[in-house]
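The values are calculated or read from the model by the stated rules, or taken from the named source; none is laboratory data. All values derive from a computational prediction rather than experimental measurement. FYI the Cβ positions are ideal-geometry reconstructions off the backbone, even for glycines, and counts take in every protein chain you see. Please note that ligands, DNA and RNA were not included when accessible areas were found on the heavy atoms of the full protein model with its side chains. Shrake-Rupley method; radii C 1.70, N 1.55, O 1.52, S 1.80 Å.
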Amino acid sequence: MPEVKTGQCLCGAVTFRISGEFDRFYLCHCARCRKASGSAHSANLFSTTAQIVWLSGDESIRRFRLPASRHEKCFCTNCGSALPFTQADDGMLVVPAGSLDSPIDIRPNAHISHASRADWDNDLDSIQRIDGLPG
């Protein structure tokens, strides 16, 4: 029986279910992924066999593809949260790890485009760790 994972956007308007296994998990530090995520890197799961079913909110899903590139992103039009999508060119399912509500048993395979990382994204293990919000 295939593994089933569920997820949603931040506002809860878009919900989905994914059946199947993830093949790879990459943390991408390229400039495009940093811009799209607003962070040090994107964290995406990839699958050639998993299937997604949109449970609610498909009218709130928008897709953006950067012209003259393979860079794509799907997001909720209400809250802007990153959402899964299937790549048009090869059918690969791409799932932003943070969009999942279910735990996953795969760890990241690699930091990719690591040479392109932000200049402040270096030696982060040495900074203070706070379990809640600061203050």
Checklist line | One residue from 117, 107, 63 being of a type in the set (Lys, Arg), modelled with pLDDT under 95 and surrounded by fewer than 18 Cβ atoms within 10 Å (Cβ to Cβ) | finding: 63
Checklist line | Filtered residue count, the range 1-55, keeping only those that are aliphatic (A, V, I, L, M) and more than 22 Å from residue 118 (Cα to Cα) | finding: 10
Notebook entry, point to check: When you scan the range 1-102 for strands (runs of 3 or more DSSP E) that lie fully inside it, which ones turn up with 1 or more residues that are among the hydroxyl-bearing types (Ser, Thr, Tyr)?
Noted result: 4-8, 15-19, 24-28, 42-47, 51-56
Next item on the list: Answer yes or no as to whether residue 102 is open to solvent by 70 Å² or more (accessible area, probe 1.4 Å) and either in contact with a helix residue (DSSP H, G or I) (Cβ under 7 Å, 6 or more places away or on another chain) or of a type in the set (Ser, Thr, Tyr) (or both).
Entry: no
Check: Is there any pair linking a residue in the range 1-23 that is closer than 13 Å to residue 96 by Cα to one that is charged (D, E, K, R) and open to solvent by 40 Å² or more (accessible area, probe 1.4 Å), with Cβ under 6 Å and at least six apart or on different chains, and which?
Finding: 6/17; 6/101; 7/101
